[in-house]
Every structure is written in structure tokens, then in C-alpha cells.
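Novice: Structure below; questions to follow.
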Amino acid sequence: MDASTFPLVHVRGLTLTLPSASGPVKILSGIDLDIVSGHSVGLVGPSGSGKTSLLMVLAGLERATAGTVHVAGQDLTRLDEDALARFRRQSVGIVFQNFHLIPTMTALENVALPLELAGARHASARAETCLRAVGLGHRLTHLPGMLSGGEQQRVAVARAFVAEPRLLLADEPTGNLDVATGAAVMDLLFDMQARLGTTLLLITHDLGLAARCGRVLRMKDGRIETAQQPARQPA
């Protein structure tokens, strides 16, 4: 395969089965997926269809029961927990619906944390630059509880991008925001994704939002049911 189109995400036969009180439940069933570096994919489907579970596997936060999962050149099925943690620090940014900021740390400290865990130099300076890029240069020393929901999600976006990850996973990032604030946050996310050339997988119930991605996938019952390939992907 040509290097320019080699998939950053390459998944074949992905199956995920989890235990439950009534016995094993198959969450994902034989998923095949390729996402080329720098491209954006919107993932839609009803609640319980397996969207978040797929994201968790790609992030190395859940282990596949069967199949192969290659992300950013790493075979996640062969990595131990320490190696998976290093993989996430080096290659993956995640934006959740519920922000997941540490309440006792300032905005600056929250954004600097991934860099500090990775042993990066000048973590605070880089975090400040990223917060200024998302319009929060005046909120550096504020705790999450002192910020609005939109500001908290901007901090989460800054944290996800600060290490310039190769893959950004966004799970309903506007789910707890009003329409106007959510639109502003998504404009910011897409702008940073384009500027940094980050590969994006966006989970959303908003079909209009998904359509802003270069490709739209629909999940149902643990499978990718349909794929729509609009328009533009990075050259």
C-alpha cells in the first residue's frame, strides 16, 4: 500500500465479548475498519450499538476478544498494560462528553499533565500555548469548578491536542453543552485537527456534525452497517 494512504487505524475481525450477570455478551462482532492518517471519520448509530466500545478498544482501554487492532504502527493485542499506557501518551488524545478534568488541578495543570507523565520538557509552557490557542489564556489558574461547561470542554480539547497525538478520539464531545457552545467547541476541534493533521474518529448522535467529517460510518448491533464517503479528505 502507498505510504501516503497507509491506514493509521487498521482493524480486522474485531470482536469484543464482555461478561454480564446473565452470561457473556458480544459487544462488537467482526469489525473491519481502516482510517488513513490525517482523515476524519464520523461514527453514528443508536445507543448500545457499540460505538464507545470501539473507541475504547482503539484507545487501548479495552482489550479485543478476537481479531487484530493496529493503531499508529502498534499491534494493541500484543501490548501489556504498561506498553498500552505509553501508546496512549504518545499517540492518542481523547475528548469525552463529561470533560474528565481533575477538579483539584487548574486548567494549566490539567493540560500539562499528559506531557508531565510522558516526561516531556517545558510542559507548562506548552500547555499554556495550547490553552491560549483555544481562547483560554485568561483562565490558566482557574479550577474546573470555576469554568463554564464550554470552557471545561475547551480545556479538555487543549489537553487532548497538547501532545500532538496522531489519533484523536472524540466521544459525544458536545453532549453536555448547549447548541451554540457545542458548535463553537466543534469548530475549534475541527480547526485544530486540520492544522495539526491529526486523524479523527468522532462519535456523535448529530448527523449534521458527523457529515463534517470526510467519511461517515453507521453502527448497529456491534457491526459497521453502512459507510458514506462524502467529500473531502486531506490531500
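We did not get these values from a lab; they are worked out from the coordinates using the rules stated. Treat the numbers as computed from the prediction; the structure is a model and nothing was measured. Here Cβ is always computed from backbone atoms with ideal geometry, including for glycine, and neighbour counts include all displayed protein chains.
Novice: Only one of these is under 21 Å from residue 166 (Cβ atoms) and touching a strand residue (DSSP E or B) at 6+ places or on another chain (Cβ under 8 Å): 59, 120. Name it.
Specialist: Being under 21 Å from residue 166 (Cβ atoms) and touching a strand residue (DSSP E or B) at 6+ places or on another chain (Cβ under 8 Å) holds for just one of 59, 120, which is 59.
Novice: Oh, and also: Please go through the stretch 115-138 and pick out each residue that is part of a helix (DSSP H, G or I) and either in contact with a Gly (Cβ under 8 Å, 6 or more places away or on another chain) or surrounded by 21 or more Cβ atoms within 10 Å (Cβ to Cβ) (or both).
Specialist: Once the filter is applied, which keeps residues that are part of a helix (DSSP H, G or I) and either in contact with a Gly (Cβ under 8 Å, 6 or more places away or on another chain) or surrounded by 21 or more Cβ atoms within 10 Å (Cβ to Cβ) (or both), the stretch 115-138 yields 115, 123, 127, 128, 130, 131.
For (1) assigned to a helix (DSSP H, G or I); (2) surrounded by fewer than 20 Cβ atoms within 10 Å (Cβ to Cβ), each residue gets a yes or a no:
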{"site": "57", "(1), (2)": "yes, no"}
{"site": "69", "(1), (2)": "no, no"}
{"site": "82", "(1), (2)": "yes, yes"}
{"site": "85", "(1), (2)": "yes, yes"}
{"site": "90", "(1), (2)": "yes, yes"}
{"site": "94", "(1), (2)": "no, no"}
{"site": "97", "(1), (2)": "no, yes"}
{"site": "101", "(1), (2)": "no, no"}
{"site": "104", "(1), (2)": "no, yes"}
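Novice: Surrounded by 19 or more Cβ atoms within 10 Å (Cβ to Cβ), hydrophobic (A, V, I, L, M, F, W, C) and out of contact with any helix residue (DSSP H, G or I) (no Cβ under 6 Å at 6 or more places or on another chain): does that describe residue 207?
Specialist: Values: surrounded by 19 or more Cβ atoms within 10 Å (Cβ to Cβ): no; hydrophobic (A, V, I, L, M, F, W, C): yes; out of contact with any helix residue (DSSP H, G or I) (no Cβ under 6 Å at 6 or more places or on another chain): yes.
Criteria not met by residue 207.
Novice: Take the stretch 152-165 and flag every residue that is touching a residue at least 40 places away in the same chain (Cβ under 8 Å) and not hydrophobic (A, V, I, L, M, F, W, C).
Specialist: Selection gives 152, 153, 159, 165.
Novice: While we're looking at this one, here's another question. Only one residue in 29, 40, 22 is hydroxyl-bearing (Ser, Thr, Tyr) and under 15 Å from residue 215 (Cβ atoms), so which one is that?
Specialist: Among 29, 40, 22, only 40 is hydroxyl-bearing (Ser, Thr, Tyr) and under 15 Å from residue 215 (Cβ atoms).
Novice: Something else now. Scan the stretch 66-94 for residues that are of a type in the set (Ser, Thr, Tyr) and touching a helix residue (DSSP H, G or I) at 6+ places or on another chain (Cβ under 7 Å) and jot them down.
Specialist: 68
Novice: What residue, among those in the stretch 166-189 that are under 16 Å from residue 131 (Cα atoms) and touching a residue at least 40 places away in the same chain (Cβ under 8 Å), is surrounded by the fewest Cβ atoms within 10 Å (Cβ to Cβ)?
Specialist: Taking the stretch 166-189 as the starting set, the residues that turn out to be under 16 Å from residue 131 (Cα atoms) are 184-189.
Cutting the leftovers down to touching a residue at least 40 places away in the same chain (Cβ under 8 Å) gives us 188-189.
Values: 188: 19, 189: 26.
Once the filter is applied, the top-ranked residue is 188.
Novice: Here's a check for you: in the stretch 13-46, which residue that is without any contact (Cβ under 8 Å) to a residue 12 or more places away in the chain and not in a strand (DSSP E or B) is surrounded by the most Cβ atoms within 10 Å (Cβ to Cβ)?
Specialist: 24
Novice: Take residue 177 and tell me if it is in a strand (DSSP E or B), within 19 Å of residue 212 (Cα to Cα) and not charged (D, E, K, R).
Specialist: no
Novice: Right, something else. All but one of (1) buried (at least 17 other Cβ atoms within 10 Å of the Cβ); (2) in contact (Cβ under 8 Å) with a residue 40 or more places away in the chain hold for residue 143; which doesn't?
Specialist: Only one criterion in (1) buried (at least 17 other Cβ atoms within 10 Å of the Cβ); (2) in contact (Cβ under 8 Å) with a residue 40 or more places away in the chain is unmet by residue 143, namely (1).
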